[in-house]
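The values are calculated or read from the model by the stated rules, or taken from the named source; none is laboratory data. Just so we're clear, the structure is a prediction, and the values are computed from it rather than from any experiment. So basically every Cβ, Gly included, is an ideal-geometry build from the backbone, and we count neighbours across all protein chains shown.
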Amino acid sequence: MIITIDGKKCVCEPGEYILDIAKRNDIKIPTLCHHGGLTDQGCCRVCIVEVEINERCDIVTACIYPVEQDCTVLTDSERVTAQRGMILSLLKALAPESSEVSQLCEIYNAPVNERFTRKDGGKCILCGLCVEACESLGTSAIATMQRGIDKVVSTPYDEPSQVCVGCASCAMVCPTKAIDVKESYGERVIWNRSFLFKFCKKCGSKIGTLAELIRASHKINAEVPDLCENCRKKAITDAFAETYGF
């Protein structure tokens with residue numbers, strides 16, 4: 001099947017999403033809430049494009065639009081540019097302190113919309129990636145709380161979560177660096193809790209937080225590791241070499 005994106009013909013399979021096809025063919029479509037390891041939800045809508053099928057043109061969200069037949073896609077048409085600018089303007093109002101959103105606003109000439117800017121707004125665009133990442137690990141330490149303009153991502157009652165293990169996966173997938181993480185040599189502070197790090201007894205490198213290592217060990221009924229991954233691999237290699245005389 002052939003899809004033409006900005007004049008470039010791209011081969012794809014039925015059901016593939018436009019954003020994935022574009023990435024594979026080095027065609028840039030801006031996005032904020034897309035992450036390769038998580039489910040696309042089309043929350044930010046920055047990746048909108050114009051699709052033409054049988055002389056009908058529609059604006060769709062590229063990360064969740066499956067291609068079912070040959071079509072033509074424009075990533076920066078006049079309609080797309082205008083609507084993307086409005087979307088970014090609203091995201092800027094939601095997260096006025098986000099440099100990532102501000103940069104996209106400049107690139108796409110988003111109109112200034114101070115009327116709707118949240119006075120207590122920070123960097124969060126409420127994309128939900130952090131919540132999904134936490135759920136995928138089975139902890140569900142954070143969730144979307146409240147409604148409307150008061151909606152935030154937090155731990156229950158904004159109190160230190162007893163199930164959080166301090167892995168910081170939520171912060172790693174956040175597109176706007178909205179989750180506050182502080183680290184020193186021996187500990188990490190996130191979601192109002194401090195977590196001690198575990199270090200490799202051989203090379204001294206950081207393995208992870210003690211809480212996440214304990215949780216992972218319980219899952220597989222094993223002891224908490226004392227070695228980092230590299231040192232574990234080397235130890236196994238050395239053991240084989242000694243046993244078989246390599």
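Listing for the model above:
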{"item": "The one condition in (1) modelled with pLDDT of 95 or more; (2) under 26 Å from GLY148 (Cβ atoms) that ASN25 fails to fulfil", "result": "(2)"}
{"item": "Residue within the stretch 35-48 that is modelled with pLDDT of 95 or more and surrounded by fewer than 19 Cβ atoms within 10 Å (Cβ to Cβ) present", "result": "no"}
{"item": "Given (1) farther than 23 Å from TRP191 by Cα; (2) touching a Leu at 6+ places or on another chain (Cβ under 7 Å), index of the condition LEU90 fails", "result": "(2)"}
{"item": "Pair list, Cβ < 6 Å and 6+ apart or interchain, from the stretch 172-200 residues that are in contact (Cβ under 8 Å) with a residue 40 or more places away in the chain to residues that are of a type in the set (D, E, K, R) and part of a strand (DSSP E or B)", "result": "none"}
{"item": "Residues (part of a loop (DSSP other than H, G, I, E, B), of a type in the set (D, E, K, R) and either at negative phi or in contact with a Pro (Cβ under 9 Å, 6 or more places away or on another chain) (or both)) located in the stretch 2-37", "result": "GLU13, GLU16, LYS28"}
{"item": "One residue from VAL112, VAL173 being assigned by TED's automatic domain parsing to the domain that holds ILE87 and closer than 29 Å to LEU90 by Cβ", "result": "VAL112"}
{"item": "Subset of the stretch 40-55 [closer than 19 Å to ALA82 by Cα and out of contact with any strand residue (DSSP E or B) (no Cβ under 7 Å at 6 or more places or on another chain)]", "result": "CYS43, CYS44, VAL46"}
{"item": "Members of the stretch 61-72 found to be surrounded by fewer than 19 Cβ atoms within 10 Å (Cβ to Cβ) and closer than 18 Å to ARG45 by Cβ, listed by number", "result": "ILE64, PRO66"}
{"item": "Test for ILE142: is it within 16 Å of ARG193 (Cβ to Cβ), surrounded by fewer than 21 Cβ atoms within 10 Å (Cβ to Cβ) and of a type in the set (Val, Ile, Thr)", "result": "no"}
{"item": "Number of the exception - ALA222 against (1) assigned to a loop (DSSP other than H, G, I, E, B); (2) of a type outside the set (Phe, Trp, Tyr); (3) modelled with pLDDT of 90 or more", "result": "(3)"}
